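Single-structure report; data block below.
We did not get these values from a lab; they are worked out from the coordinates using the rules stated. Nothing here was measured: the structure is a model prediction, and the numbers come from that model.
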Amino acid sequence: QATTTDFWGAMKKVGGPSTYVLGGAFNCGKAQPAQVAAVSHGCPAAIFEKINILNTVAEVGK
């Protein structure tokens, strides 16, 4: 885990438009009571060096 400035400071390269991927979900996961709202976030590929990225899929069940 790292601070925001450590994380972004570890980014060495950003991909171009051809590496852009849009991901989404049907539930934004905010509000009480829960509200259904489709959301999406996109980003290009990026290369980071010497930073630990938490892999929540790998952490499940530990």
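Which of rounded, prolate, oblate describes the chain, given a ≥ b ≥ c as roots of the alpha-carbon gyration tensor eigenvalues and a/c under 1.5 marking rounded, otherwise prolate only if a/b is larger than b/c?
It comes out oblate by the Cα gyration axes.
Looking at the chain as a GNM with Cα springs under 10 Å, which of Pro44, Pro33, Pro17 has the largest mean-square fluctuation?
Pro33
List every residue whose amide H lies under 5 Å from the amide H of Phe48, counting only residues 5 or more places away in sequence or on a different chain, with H placed 1.01 Å from N in the peptide plane.
Lys12
Determine the calculated [θ] at 222 nm for the chain from helices alone, applying -39500 (n - 2.57) to every DSSP H run no shorter than 4 residues and normalising by the residue count; nearest 500 deg cm²/dmol.
-3000 deg cm²/dmol
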